[in-house]
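Q: Dropping a structure here in structure tokens format, bear with me for questions.
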Ligand SMILES: [Mg+2]
């Protein structure tokens with residue numbers, strides 16, 4: 001029997017800025033903070049505090065989502081607020097073609113599940129690691145769970161997927177756009193900085209593919 005020629009078993013995608021695009025380049029956290037808390041400076045300040053080690057990732061999530069909850073945000077408000085988030089051009093076609101070529105697809109992302117499910121309701125991912133929002137029967141936010149799998153955690157998620165799919169890090173490819181993708185881009189067998197403005201990521205990635213059309217990655221994943 002011939003071994004498959006495919007160089008990778010699994011392609012892991014980031015979401016915001018990679019698969020899901022906003023006309024002004026915002027991520028879902030910025031969109032929802034704008035809508036419910038209402039000041040772009042807040043994002044910058046919390047990001048700075050996180051990077052300085054003053055707050056943990058989970059505390060950062062608590063600050064943001066707790067603020068939306070106190071503002072009375074409902075599921076319908078959230079869906080309305082993220083109406084400008086759209087799939088990357090060519091995303092659906094790319095997923096179909098990659099699956100046809102035998103690749104398994106997964107998401108490891110600092111996004112929020114409600115956004116991913118809204119933008120990709122029939123997504124093809126065999127595994128999804130994201131932050132989680134819960135809504136009560138009346139639609140208000142009743143809880144949330146910060147993902148342990150952002151930044152360095154993205155590498156741990158890949159390791160879990162390697163075990164689950166009985167493959168190796170060398171046979172995992174990663175596609176992402178931002179600073180939080182740097183650790184997994186270093187650890188994966190092959191990485192693409194896609195639609196990226198992050199110098200650090202572009203420097204460590206094996207390939208740089210300009211966005212926004214996701215079909216730009218296809219030549220790297222032949223069958
Ligand atoms: Mg991103």
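Q: Hey, residue 21 hits all of (1) more than 22 Å from residue 216 (Cα to Cα); (2) surrounded by 20 or more Cβ atoms within 10 Å (Cβ to Cβ); (3) under 17 Å from the mean Cα position of the chain (by Cα) but one; which does it fall short on?
A: (1)
Q: In the range 90-151, which strands (runs of 3 or more DSSP E) lie fully inside it and hold 2 or more residues that are modelled with pLDDT of 95 or more and within 15 Å of the ligand (Cβ to nearest atom)?
A: Details: elements: 104-112, 127-135, 141-145.
The strands (runs of 3 or more DSSP E) meeting that bar are 104-112, 127-135.
Q: Just one of (1) away from the ligand (no atom under 16 Å from the Cβ); (2) within 29 Å of residue 126 (Cβ to Cβ); (3) outside the structural domain of residue 154 (by TED's automatic domain parsing) trips up residue 42, so point out which.
A: Looking at each condition in turn, residue 42 falls short on (2).
Q: Among the residues of the range 153-162, is there at least one that is in contact with a helix residue (DSSP H, G or I) (Cβ under 8 Å, 6 or more places away or on another chain) and part of a loop (DSSP other than H, G, I, E, B)?
A: Checked the range 153-162: no residue is in contact with a helix residue (DSSP H, G or I) (Cβ under 8 Å, 6 or more places away or on another chain) and part of a loop (DSSP other than H, G, I, E, B).
Q: Applying the selection to the range 38-52, what residues are at pLDDT below 95 and in a loop (DSSP other than H, G, I, E, B)?
A: 38, 39
A quick yes/no check of all residues on (1) in contact (Cβ under 8 Å) with a residue 60 or more places away in the chain; (2) closer than 25 Å to residue 62 by Cα; (3) not assigned by TED's automatic domain parsing to the domain that holds residue 58:
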position: 106; (1), (2), (3): yes, no, yes
position: 109; (1), (2), (3): yes, yes, yes
position: 131; (1), (2), (3): yes, yes, yes
position: 134; (1), (2), (3): no, yes, yes
position: 185; (1), (2), (3): no, no, yes
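Q: Looking at the range 169-180, which of its residues are in contact (Cβ under 8 Å) with a residue 24 or more places away in the chain and closer than 10 Å to residue 10 by Cα?
A: 171, 172, 173, 174
Q: While we're here: From (1) more than 27 Å from residue 175 (Cα to Cα); (2) exposed (fewer than 15 other Cβ atoms within 10 Å of the Cβ), pick out the condition that doesn't hold for residue 44.
A: The single condition residue 44 does not satisfy is (1).
Q: Tally the residues that are free of Cβ contacts under 8 Å to residues at least 24 places away in the same chain and in a strand (DSSP E or B), restricting the search to the range 187-208.
A: 4
Q: From the list 32, 63, exactly one residue is in a helix (DSSP H, G or I), outside the structural domain of residue 151 (by TED's automatic domain parsing), more than 16 Å from the ligand (Cβ to nearest atom) and farther than 25 Å from residue 171 by Cα. Which is it?
A: One residue alone meets the criteria, 63.
The values are calculated or read from the model by the stated rules, or taken from the named source; none is laboratory data. This is a predicted model, so every value here is computed, not measured. Positions of Cβ are generated from backbone atoms using ideal geometry, with glycine treated the same way; all protein chains shown enter the neighbour counts.
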